[in-house]
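The values are calculated or read from the model by the stated rules, or taken from the named source; none is laboratory data. Bear in mind that the values here come from a model prediction, so they are computed numbers and not experimental data. Quick reminder, even Gly has a Cβ in these numbers, built from the backbone with ideal geometry, and neighbours come from all protein chains shown. The accessibility values were calculated without ligands, DNA or RNA, using every heavy atom of the protein model including side chains. Shrake-Rupley method; radii C 1.70, N 1.55, O 1.52, S 1.80 Å.
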Amino acid sequence: GAAAADSLGVLSDHAALRSLACMPTGRQAAVFGYLPLHRQTDLLAAMDCRKAKALFAALPGDEQADIYNRLPPETRDRLLHSLDGNDRDELLKLAACPEGSAGSVATSEFAWVLPELSFAYALSNLRLQSPSRYSIYLLFVLARDSRPFFSFSLLFLFLPHPLSSFGPFFRLLSLFLG
C-alpha cells in the first residue's frame, strides 16, 4: 500500500487515476489511504462520479469523513448526490464530528459470527469479513435466523482456548452478567 502510494505521488493526476483504475477497488482503497490528504482530495475531485463513489465506499468511515471535510464544495455536492441514502447519512454524521473526537473515528460497520464457530475459526472469519479494517472492537454473534444472539468486546476472544466454541463461553459469561 505505502510503496504504491509513493509511486502514485510522483505521477500527474491523470496518470495516477489511470494507475488506480488498474487495481481492484479494495486495493485502490488501501493505496489511497496512504496518500497525503491533499492528494486524496485532488484525485477524488478529478475522478468521474461512478469511480469516486466506488473508491469512497471502500474506504473506512473515518477516512471518508476526513476526506469529505477537505473536499471543495462542488466535489462534496457531487459525491453526496452519488451516495445511497444510508451511506450519505452515515458520512454526514461522521463528518459533523470534530476531528480527533471519538465520534470522528466511529463507524456503524459491524462484524459477526455464528455461535457454533470455534474462537480460532471466528478470528479467521473476522479477518476475511474486514480485511481493510484497522480494528474491530465489538462483535455480534448472530442466531441462525440472523437475529443478534449476543455481543461483546473482542478482548474476550483472547481469553478462551482457540478450539473451544462460543456456546459454552456465552453460558458462562451470562452467569457473570446476570
Only residues that are of a type in the set (Gly, Ala, Ser) and in a loop (DSSP other than H, G, I, E, B): list them for segment 1-36, please.
Gly1, Ser12, Gly33
Inspect segment 81-103 for any residue being at pLDDT 85 or above, closer than 28 Å to Val10 by Cα and open to solvent by less than 70 Å² (accessible area, probe 1.4 Å) and give the result as yes or no.
no
Quick one: is Pro72 open to solvent by less than 70 Å² (accessible area, probe 1.4 Å) and touching a Gly at 6+ places or on another chain (Cβ under 9 Å)?
no
Being open to solvent by 60 Å² or more (accessible area, probe 1.4 Å) and of a type in the set (Asp, Glu) is the filter; apply it to segment 5-54 and report the residue that is nearest to Ala95 (Cα to Cα).
Asp42
I'm told Ala57 meets every condition in (1) open to solvent by 60 Å² or more (accessible area, probe 1.4 Å); (2) modelled with pLDDT of 85 or more except one. Can you identify the failing condition by its number?
(2)
Quick check on segment 33-47. Is at least one of its residues of a type in the set (A, V, I, L, M, F, W, C) and touching a His at 6+ places or on another chain (Cβ under 8 Å)?
yes
